Amino acid sequence: MSQRFTDQLRAENQPAWDNAVGHRFVRELLSGTVSDHTMAAYLVQDHRFLDSFLTLLGSAIATADTFEARLRFGRFAGMISSEENTYFLRAFEALGVSEDQRAGVPDTEPTAGFQAIMREAAATRNYVAVLAVLTVAEWLYYEWARTLEGELPTNFVHAEWITLHDNPEFVEFVGFLRSELDRLGPEDDAVARDFFGRATALELEFFEAVYAGGDQ
């Protein structure tokens, strides 16, 4: 049996993919040992993606070639706008991060880069470009979330961020994204590889930037 197109893309982006999935931040999150300072810094930056991410999902709805796919993206956009955004707000409150404090923190370079690539993919109005970025963003997070061994951390800030990325609905959505990119990516191979590769590199850089402020 020939290798899936998405497996090829992942293999072509080693070791960045594995380094992101097994990053220090991920290990500390899964073990419940990540500091409040680091978790707050990470979540402040990750929350900045929601606007660009919803723009990307809107482009997926507009460019998808089937009604079923449009419905699937629409349901996922609803989850991002409700459960995930609510998690962020609860986590910021628990971590003592005010709205003013969040607003005063500048974007890190990888945050700005990821916002840019999401908007770039959306602006292409090319379904394959959109799929490539979405697949990296969701599949890579599922990959690290499923490496949890044993019990979830007791702190909901850690535990819910893990379960948001490893639950039956999310697993199904990752499978859907991969199947769509497997189906259409080979027809636009260069675009798929370009966006998938750049998005993977940005994921690793995003994790690295969490510790740039000196939380060692």
Some residue of segment 96-110 being at pLDDT 95 or above, crowded, with 19+ Cβ neighbours inside 10 Å, closer than 14 Å to HIS47 by Cα and touching a Phe, Trp or Tyr at 6+ places or on another chain (Cβ under 7 Å): yes
Among the residues listed as ALA20, ALA11, ALA62, the single one being part of a helix (DSSP H, G or I), of a type in the set (A, V, I, L, M, F, W, C), surrounded by fewer than 19 Cβ atoms within 10 Å (Cβ to Cβ) and in contact (Cβ under 8 Å) with a residue 12 or more places away in the chain: ALA62
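For residues that are within 20 Å of ASN155 (Cβ to Cβ) and polar (S, T, N, Q), scanning just segment 79-100, find the one that is nearest to the chain's Cα centre (by Cα).
ASN85
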Residue match in segment 91-112 (condition: in contact (Cβ under 8 Å) with a residue 60 or more places away in the chain, among the hydrophobic types (A, V, I, L, M, F, W, C), closer than 21 Å to ALA212 by Cβ and in a helix (DSSP H, G or I)): yes
Criterion: in contact with a Ser or Thr (Cβ under 9 Å, 6 or more places away or on another chain) and either on the phi < 0 side of the Ramachandran plot or buried (at least 17 other Cβ atoms within 10 Å of the Cβ) (or both) - qualifying residue of LEU140, LEU204, LEU164: LEU140
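The values are calculated or read from the model by the stated rules, or taken from the named source; none is laboratory data. Worth saying up front: this structure is predicted, and the values here are computed from it rather than measured. For neighbour counting, all protein chains shown are included, and Cβ atoms are generated from backbone atoms with ideal geometry for every residue, glycine included.
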